[in-house]
Amino acid sequence: MKRNATRTTLVTLGLASLAACIVNLSFSMDKPGVPLKSDPNTTSITQQAILVDLADYKEITDHKDNIKSLDLDYVDINITALGPANTAHTVSGKVTLRRNLTDPATSDVTVGSLNAVAVQANQSVRIQGTPELDAFLLQQLQNAGKFYVIVSGSVDSGVADATVDLNLHASMGYDTGIF
């Protein structure tokens, strides 16, 4: 009799754990071909605003109603090509997230900084995510579903003429809805 009670308890616990099953899924939001350019008369890089629409990602659309968490694990910035006008040696700047382009820059959420990164093909920088970025992503998912990645900065000297890829590596936890 005690065996049946134990078995029943274990089966019940197993089914209860399935009912609240959260699955974690990692995916990438790649933004290739972002120009990194400066004017010949200044060392400032032309600010870039790259739209990210969460509805563009199958991982999001497949589970949108069941997503419990959405985290920005890290951002990879890769210089993929140098243009013929490039004479810059290093770039410094920052990457931020902005809800929409009409928001003031004071409401940006900082992803991270670039400090004297060599301007050369195949140069890569990885910036780790933060809980603040995770909260921003989840809020955007629950609201507009869109946001901008803002890239700004300056070069040491000369002219920047490069192309970078931004790859936002994210993970989400979603309820499987079993039971």
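Summary value for the range 54-112: 21 percent relative contact order, contacts being C-alpha pairs under 8 angstrom separated by 6+ residues. Bridgeable aspartates and glutamates around Lys37 (alpha carbons under 18 Å apart, same-chain partners fewer than 8 residues away excluded): Asp156, Asp161, Asp165.
For the residue pairs Lys58/Lys94; Lys64/Lys146; Lys31/Lys58; Lys68/Lys94; Lys58/Lys146, the C-alpha atoms sit more than 20 angstrom apart in Lys58/Lys94; Lys68/Lys94. Ordering Thr110, Thr176 by accessible surface, largest first, gives Thr110, Thr176; the 1.4 Å probe counts only protein heavy atoms, with every chain in place.
Our summary gives the range 33-175 a relative contact order of 47 percent, counting only alpha carbon pairs under 8 angstrom and 6 or more residues apart.
Report, in deg cm²/dmol and to the nearest 500, the calculated mean residue ellipticity at 222 nm for the chain, where each DSSP H run with n ≥ 4 adds -39500 (n - 2.57) and the sum is divided by the residue count. Could the numbers behind the result be given before it?
On the way: 3 runs with 36 residues, N = 179.
Result for the chain: -6000 deg cm²/dmol, rounded to the nearest 500.
Does a label point 7 Å from the Cα of Val34, set along Cα-to-beta-carbon, have any residues of the range 110-128 with amide nitrogen under 12 Å, and which are they? Answer for the range 110-128: 111-114, 125-127.
Averaging Cα coordinates gives a centre for the range 58-100 and one for the range 111-179; these two points are 3 Å apart.
Counting Lys and Arg as +1 and Asp and Glu as -1, each charge on the Cβ, what is the dipole of the chain about the Cα centre in debye, to the nearest 20? Could the numbers behind the result be given before it?
On the way: 13 positive and 18 negative charges, 155 e Å.
The calculated dipole for the chain is roughly 740 debye.
Using a 1.4 Å probe, what is the accessible area per residue for the chain, in Å²? The partial results should precede the final answer.
On the way: 9710 Å² over 179 residues.
Value for the chain: 54 Å² per residue.
Carbon-plus-sulfur accessible fraction, the chain (probe radius 1.4 Å, protein heavy atoms only): 53%.
In degrees from 0 to 90, rounded to the nearest 10, what is the angle of the helix 131-142 Cα long axis to the longest principal axis of the chain? Approximately 80 degrees, to the nearest 10. In this structure, Ser44 and Asn143 have a Cβ-Cβ separation that, at R0 = 30 Å, corresponds to a calculated FRET efficiency of about 0.40.
The values are calculated or read from the model by the stated rules, or taken from the named source; none is laboratory data. Since the structure is predicted, the reported quantities are computational estimates derived from the model, not experimental observations. Note that we place each Cβ from the backbone using ideal geometry, even for glycine, and neighbour counts take in every protein chain shown. The protein model used for the area step is the full one, side chains on, heavy atoms only, and it has no ligands, DNA or RNA in it. Shrake-Rupley method; radii C 1.70, N 1.55, O 1.52, S 1.80 Å.
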